[in-house]
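Notes follow once the structure below has been shown.
Only the coordinates and a few stated rules stand behind these numbers; no lab work does. What you see is a predicted model; the values in this text were computed from it and never measured. For neighbour counting, all protein chains shown are included, and Cβ atoms are generated from backbone atoms with ideal geometry for every residue, glycine included.
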Amino acid sequence: MPLLEVRNLHVRVEDDGNEILHGLSLTVNKGEVHAIMGPNGSGKSTLSHVLAGKPGYEVTSGEVLFEGEDIFAMEPDERAAKGLFLAFQYPVEIPGVATMNFLRTALNAQRKARGEEEISTPDFLKKVRKVADSLNIPQDMLRRGVNVGFSGGEKKRNEVLQMALFEPKLCILDEMDSGLDIDALRIAADGVNALRSKGRAMIVITHYQRLLNYIVPDHVHVMSKGRVVKSGGKDLALELEASGYAQFEEQAA
């Protein structure tokens, strides 16, 4: 059984009725890393938002199954508890909430939803410090407000820290290279690569091939005008870097 199966998905924006996804299909198995590439407006981020349950979108037809279950029958927190994680392109700031408190509250909410006991404070501190050290995240960053005053690289490392703590089955990385210099990108990518496993899949959404130098995908999909128009191996990303997206936009027209 695939971990994620998207079948002929059509989605429009609730406010204006504009259809963004036009019959998108995608299958992701455990242990795989899929890269989704495409120009602005192709629907890449819309796909990530719809999978995570962000409001403001209407699914008009098609279905999405997560481990065989209808994802649209689940609230966003249920999807997270089932093991779906979205790393945002622009992580939000939450003033007045310490990163450490945010992480423990979120982790325990997921554990409770799965019928597990809450993690004790000593066990949580031990776990978060171990993970933070492995990602080169300083302890003082954990005491600061969530993403408040963080650099772009710190925000992305904080997202990777959440992934490492929550241990999701499917990680969706929405343009995690946005706004990062090469050093920050390498650090964030190293953290992502450390989480690759046979039981976990990843969807990496990006405009540019450079991210895929660090997070090497098993499969690459080109999106244009709201659907996947070509799929291939990692070499497809190099082809896109050389030739651009124009040929695929013509195919989707």
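Scanning segment 203-253 for residues that are polar (S, T, N, Q) and either under 10 Å from A35 (Cα atoms) or surrounded by fewer than 19 Cβ atoms within 10 Å (Cβ to Cβ) (or both) yields T206, Q209, N213, S231, S243, Q247, Q251. Among the residues of segment 10-49, those identified as under 17 Å from H221 (Cβ atoms) and among the hydrophobic types (A, V, I, L, M, F, W, C) are V11, I20, L21, L24, L26, V28, V33, A35, I36, M37, L47.
Restricting attention to segment 110-144, the residues being more than 19 Å from L180 (Cα to Cα), surrounded by 13 or more Cβ atoms within 10 Å (Cβ to Cβ) and in contact with an Asp or Glu (Cβ under 7 Å, 6 or more places away or on another chain) number 2. Number of residues in segment 57-111 that are of a type in the set (F, W, Y), out of contact with any Phe, Trp or Tyr (no Cβ under 8 Å at 6 or more places or on another chain) and within 21 Å of V11 (Cα to Cα): the value is 4. Only residues that are part of a loop (DSSP other than H, G, I, E, B), free of Cβ contacts under 8 Å to residues at least 12 places away in the same chain and in contact with a helix residue (DSSP H, G or I) (Cβ under 9 Å, 6 or more places away or on another chain) were counted across segment 65-121, and they come to 3.
Working only within segment 170-220, note down all residues that are at positive phi and within 15 Å of the chain's Cα centre (by Cα). The answer is E175, and nothing else. Here E32 fulfils each of the conditions (1) surrounded by fewer than 19 Cβ atoms within 10 Å (Cβ to Cβ); (2) within 30 Å of G233 (Cα to Cα); (3) touching a residue at least 60 places away in the same chain (Cβ under 8 Å) apart from (1).
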